[in-house]
Every structure is written in C-alpha cells, then in structure tokens.
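Trainee: Please see the structure below; I have some questions.
The values are calculated or read from the model by the stated rules, or taken from the named source; none is laboratory data. Because the structure is a prediction, the values reported are computed rather than measured. Because the Cβ atoms are built from the backbone with ideal geometry, glycine has one as well, and the counts that use them run over all protein chains shown. In case anyone asks, the SASA skips ligands and DNA or RNA and just uses the protein heavy atoms, side chains included. Shrake-Rupley method; radii C 1.70, N 1.55, O 1.52, S 1.80 Å.
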Amino acid sequence: MSDELSRNERIKEASDYLRGTLAEGLRQEATGAIAEDDAQLVKFHGMYLQDDRDLRAERARKKMEKAFAFMLRVRVPGGVISTAQWLNLDRVARDYGNHTVRLTTRQSVQLHGVIKSNLKPTLQAIDRALLSTIAACGDVNRNVMCNPNPYQSRAHAAALELARAISDHLTPRTPAYREIWLDGERIAGGEEETIEPIYGKTYLPRKFKIVIAVPPSNDVDVFAHDLGFIAILDGNGGVAGWNVAIGGGMGMSHGEPDTYPRTADVIGFCGTADALAIAEAVVTVQRDWGDRKNRKHARLKYTVEDRGLYAFRTEVESRAKIKLAPAKPFAFTSTGDRYGWSEEDHGNAHLTLFVGNGRVQDAGPGLQQLSALRQIAELHAGDFRLTANQNLIVTNVSPERRAAIEQIAADNALLAPRSGLRRNSMACVALPTCGLALAESERYLPNLLDALEERLAGHGLSSDEIVIRMTGCPNGCARPYLAEIGLVGKGPGRYNLYLGAAFDGSRLSKLYAEDLDHAAIIERLDPLFAAYAAKRNSGEHFGDFVIRAGFVGRTANGRDFHADVGARRAA
Ligand code: HEM
Ligand code: SF4
C-alpha cells in the first residue's frame, strides 16, 4: 500500500474549507457536470453528481454528453419533519427534481434528477423550508438517526434530543455552503481552529454515521454504524443513560477480503450529560487515527480492528475526560417498523405507512403516492416521521382526521401489505442513478418479492416476518448483511445471496450462494422455505433457523466475515 495520502485528502486540503471551484463550476454552461475534484467536494454539501444510466448508450451513440443531474440528500435529524417542510420538498421535487421523493435507509430524504442550473434555486427553497443538505454526504458526520417512535415517552424524547444535539454539534461550520448556494457573503480568513474546531481542514478520513436506539426496537440498526447510543431505560419511562457502541459498518468490495461488514461492539455506558463529549471524542480519535491513505480501509470499523477496542476506548476516555462504566444489559426484539395505527397519545394516534423501497412518486391509478402524501400533509398540520426502514409515520392525528387520512393512504397502496416478507423489505436506489450499481435493486425487488411470495404461500409462510434486503452493489446502503435474506448485486441480473443474520440486527449474515439470476434465487430459497415451514422451533426466526439447520455457518464478526468462503473455495 502506498504511503501517499489518498487523492481525496489532497482535494480537501486544497479546497479552502470545501469551496474548491464550485462557484465557478456552477456558472459554466457548456456542461451539465462539474470539475472532477469538485464532484468530491460537492458531497460534503449533500449532493452527488450522477447521470441517468438508462440513457448512457443512446447518448454516447449520438455523441452527446451523459445526462448529468444531481442527487440531493436532505438532513432530517431523528427523522422528524413537519408537514409544512414536507410540502416544500414535494414542491421542490416537482419543480426541479424528477417528480419523486426518496425516503432513505438513514432517515433522510433524497431528491434525484436536479440539473446543474437548478441547484441554487433548489437549495434556496430547501433553506426556506428550514432544512439543509450540508454534510448529508461526504467525509463528515452524516444525518444522526434515532428511533422515530412518536409516543413522546420520556425515553424517546431524550433520544431525539440527543440526536439533535449531536447533529448540531457535529455539523461543519464552514461558511462555504451559505456562500455558494445561498448567495451569502464570502467570509474570508479565520484560524483553522475557529473555522472547523472539530474537523480541521481535512475533515474525517471517511464518512461517519451515528444512531440512537431505544430498546426493544432496533429499527435504526444500531450495530451497522460507526457510533451508536443504546438507551438504558430507568424503569419509569425515562433514560438512565446510554450504552456506547462503536465500529459498525456495512461496505465491502467483492473479492477483497480485507474489506468486510462489521457489527459494532458495545464498549461501555455513560450518563446523558456525558454523551455529547463521548460522541465528539470518538469522532476526533477517528479523525486522528483513521487511515487517510486507503479509502477502502478508512472507516472507523477498520481503525477499531487495527488498534483494538481497548486502545480506542482508552483514548476516547482520555480525550473526553470521562470513564465509561461497564455496559448495562439491554435486549432488542426486531429491526422492523410497527405498521398501522398505534397507541394514542392524549387522544391522538399515529399511522405508520408502508412506502415500497422509500420511493414516493405518482405511478398511476391507485399508486399516486406523492400526491397522497401531499394531501395528507395538507390535512394534517403536525409532523411526519421518517423511519430507518424507508417508511413514514403520520404522527399525532386527531380523532376527527383519522378516517380521511387512512382513506387516502388506502386508496394509494400506502397501508402495509399482508406479506410478512414485503413488510420487512428494503432496497437501495441502484440503477439508474447510482454510479456504483452493478445490478438493479429498487426497480427489481418488487418483482422478486412477487415470485417469492408465491413460494412462501405454498409453504404457509405468507404472514411470517422475514427480513429481506437488496442492494445493487456490495457497498451495502440498505444494510443487506444484517438481513435474514440479503441479496447483493454482482453484475447485471446477478446477485450474491447472504443468509443467517439475526432478526434483531445483532448478527451478520454469511455468503450462501454466488452469481444467482432471478430463477436461481427462487430455486435456492424455495427448499429453505420448505424446511423452515416443516422444521422450525416455535418462534424461531428464519435467520436463526438456517444456521441451526446447517444451511449456513454462523458469521464471525469483523475480518473473519469472509473466513469460510475462502476455505470453501480452497476445498
Ligand atoms: C463504500 C460504501 C458506500 C458508498 C460508496 C455509497 C455510495 C452511495 C451512493 C452513490 C448513493 C446514491 C444512490 C442514489 O441515490 O442514486 C448512496 C445512497 C445511499 N447510501 Fe450509500 N454508499 C456506501 C455505503 C452505505 C452504507 C453502508 C449505508 C448505510 C448503512 C449507506 C446509506 C445510504 C443511503 C441511506 C442511501 C440513500 C438511498 C437508499 O436509502 O437506499 N451507504 N450511497
Ligand atoms: S448499495 Fe451500491 S448500488 Fe446501492 S445505492 Fe449504495 S452504492 Fe448504489
């Protein structure tokens, strides 16, 4: 491995706190793209330069530039967004985007298809809605997630409060965002320590993700992120403090055993007053210890594997001047959402809707979901909450509005399906916008689910809750290695099949079969469904069953993730 810093490090260093030549690039009308280095920097502003991959071949034939457009990701800490804000995003998606709103697996919102000349008006409209895209992507702390339960129990309120405090504390301070997109005045100079007191000039070695979970729900997949806080309940509805988990992450590359998904380790317990200082210390240790030479080895999970948990924890304690107490017991039951109407709060109720793969669009009669959510938002002056499963909760609905809201949802297929598999399904975006996709995901999973549902029905398993997640490449944006059935794109129409993750999100899956096409996926899963129906123990989840029945081994964490794949290939 070379001793040189990665190219991105040089780009950050030279960028003058993320300005680069973005302002000039926006003015260039000859291309719909921006300069290569700026395409790295623009991520810190919450955007990706993409092109419509469906149009690539035709445009190349016509000697036209690729169909460039930007994806914008809006930060929504804790997933709480007012219906007024939603209406603004709906407007922006129709005026400047591709008429869709995408709810993400990390409780944020993506707008796709925004062309360069529309970027500034789009960001200004987002700003007027009191929302921002800053640090939604890039080598910084991203959107901070938390369990979106709207009951307002004191524990959930504390989780949201912590998520917002961490989000504010770790938002980049550079004035570049305001200058470039919102026509703010250029603020020159300033000492490094005052411009970015936490990040410094070169920010973090890689992206950084923080989540907060409130047991028994592990909907945020607390073990999949760099840093997690797990609420420890005090028995009176409040929080006694937080277990701290570090070193989770999903991304890996096919055929590169030095890259692997990893579940986070719980390193101790802290009180609420100390949580922010602990979060900052974990970030700064990673800032200083993380690998800045090899971006494929730059996430916190690799720092933890290389330095060891003990060394990492000790350094965090010393920087935060806080000694972590031993971790306290906790128990998760699932990673899924609770669909439908749920408990009332002062007479109001909450409705969790099912949004297939998080894509909100008007797709024809009975599927006008963008318009349906707009109607609901117009009826309901309150909050929406985005879930980590790409769904949406309409919160605090008063009794007189309930029937109308439910009817709009029912008319547009927004109520949860009966199928236990579909209720627990997620797919990343992949084609046509994601430049890294090797195979379809969002556009294909619904068809695969149709076929699998037929088989499940044959085995009497239609309503059984089985978690299935698909991604178009091994980067893992929909956390496939924590699904009981994980499908990861390998090439056009081909997927690797992973099995054996735990239903509560605490154990990774393992590679079961490679390079499967549509028919082969069904062929391979059908006998497992049959065996599950016939031989499972009472209450046994599919992910646990396939291990007990010997179909797949139990995964060891971290660098051992690929262990017996190598052994099998060698054999
Ligand atoms: C090396 C690793 C990764 C890279 C290079 C990467 C890159 C990308 C890109 C380019 C997109 C845009 C797709 C589009 O909207 O067209 C995307 C989407 C997304 N990524 Fe990643 N990603 C990585 C890993 C992850 C992981 C591990 C997670 C979460 C655990 C994640 C969370 C997301 C989310 C929430 C989206 C939005 C779309 C969705 O909900 O599927 N990413 N990623
Ligand atoms: S998992 Fe891969 S294909 Fe899917 S959105 Fe992420 S980077 Fe793109």
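Trainee: Hey, what's the Cα Rg ratio for segment 308-352 versus the globular rule of thumb, 2.2 N^0.38 Å?
Mentor: 2.10
Trainee: How large is the convex hull of the Cα atoms of segment 261-399 per residue, expressed in Å³ as a whole number?
Mentor: Given the Cα convex hull of segment 261-399, per-residue volume reads 193 Å³.
Trainee: Looking at segment 395-444, which trypsin sites (Lys or Arg not before Pro) are DSSP coil and have at most 12 other C-beta atoms within 10 Å of their C-beta?
Mentor: When the trypsin sites (Lys or Arg not before Pro) of segment 395-444 are filtered for loop state and at most 12 Cβ neighbours within 10 Å, R418 remain.
Trainee: Using a Debye calculation, one point per C-alpha and no hydration shell, please list log10 I(q)/I(0) for segment 1-158 at q = 0.09, 0.14, 0.19 Å⁻¹ in order.
Mentor: Debye output, listed in q order: -0.35, -0.79, -1.22.
Trainee: Next question. Can you give the charge dipole size of segment 145-275 about its Cα centre, rounded to the nearest 20 debye, using +1 on the beta carbon of Lys and Arg and -1 on the beta carbon of Asp and Glu?
Mentor: Approximately 200 debye in magnitude.
Trainee: Whole angstrom only: what separates the Cα centroid of segment 55-109 from the Cα centroid of segment 377-454?
Mentor: Between the Cα centre of segment 55-109 and that of segment 377-454, the gap is 17 Å.
Trainee: List the cysteines in the chain whose Cβ has no other cysteine Cβ under 4.7 Å from it.
Mentor: Singleton cysteines: C137, C146, C270, C434, C473.
Trainee: Here's another thing I want to ask about it. Please list log₁₀ I(q)/I(0) at q = 0.14, 0.34 Å⁻¹ for segment 211-251, using the Debye equation with identical point scatterers on the alpha-carbon positions.
Mentor: Normalising to I(0) and taking log10 leaves -0.30, -1.13.
Trainee: In square nanometres and to one decimal, what's the mean projected area of the convex hull around the Cα atoms of the chain?
Mentor: Taking a quarter of the hull surface, the average projection is 26.8 nm².
Trainee: Could you state the per residue volume, in Å³, of the convex hull enclosing the Cα atoms of segment 50-100?
Mentor: Enclosed volume per residue, from the Cα hull, is 85 Å³.
Trainee: Can you tell me the dipole magnitude for the chain around its Cα centre, using point charges on the Cβ only (Lys, Arg +1; Asp, Glu -1), in Debye to the nearest 20?
Mentor: 680 debye
Trainee: From the helices alone, meaning DSSP H stretches of at least four residues, give me the mean residue ellipticity at 222 nm for the chain, per-run term -39500 (n - 2.57), in deg cm²/dmol to the nearest 500.
Mentor: -9500 deg cm²/dmol
Trainee: Hey, another quick one. Can you send over the carbon and sulfur percentage of the accessible area for the chain, probe radius 1.4 Å, protein chains only?
Mentor: Here it works out to 50 percent.
Trainee: Might you tell me the accessible area per residue for segment 376-431, computed with a 1.4 Å probe and given in Å²?
Mentor: 35 Å²
Trainee: Still on this structure, please answer the following. Assign unit charges at the C-beta atoms only (+1 for Lys and Arg, -1 for Asp and Glu), then state the dipole size of segment 315-443 relative to its Cα centre in Debye, rounded to the nearest 20.
Mentor: The calculation lands at about 440 debye.
Trainee: Ok, one more. Summing Lys, Arg as +1 and Asp, Glu as -1, what charge do residues with Cβ under 15 Å from the Cβ of F542 carry, F542 excluded?
Mentor: Summing Lys/Arg as +1 and Asp/Glu as -1 gives +3.
Trainee: Too long at a 27 Å Cα-Cα cut-off: which of K43/K120; K301/K490; K328/K510; K62/K490; K63/K207; K201/K328?
Mentor: K328/K510; K62/K490; K63/K207; K201/K328
Trainee: Quick one: Cα centre-to-centre distance for segment 271-339 and segment 456-503, in angstrom?
Mentor: Here the answer is 28 Å between Cα centres.
Trainee: If I take all pairs of Cα atoms in segment 190-270, what percentage of them are more than 21 Å from each other?
Mentor: Percentage above 21 Å: 46.
Trainee: Something else now. Using every Cα-Cα pair within segment 510-569, state what percent have a distance larger than 13 Å.
Mentor: Above the 13 Å cut-off, segment 510-569 has 66 percent of its Cα pairs.
Trainee: What residue among T387, A349, L415 has its Cα farthest toward the positive end of the dipole of segment 320-426, where the charges are +1 on Lys, Arg and -1 on Asp, Glu, each on the Cβ?
Mentor: About the Cα centre, the residue reaching furthest to the positive side is T387.
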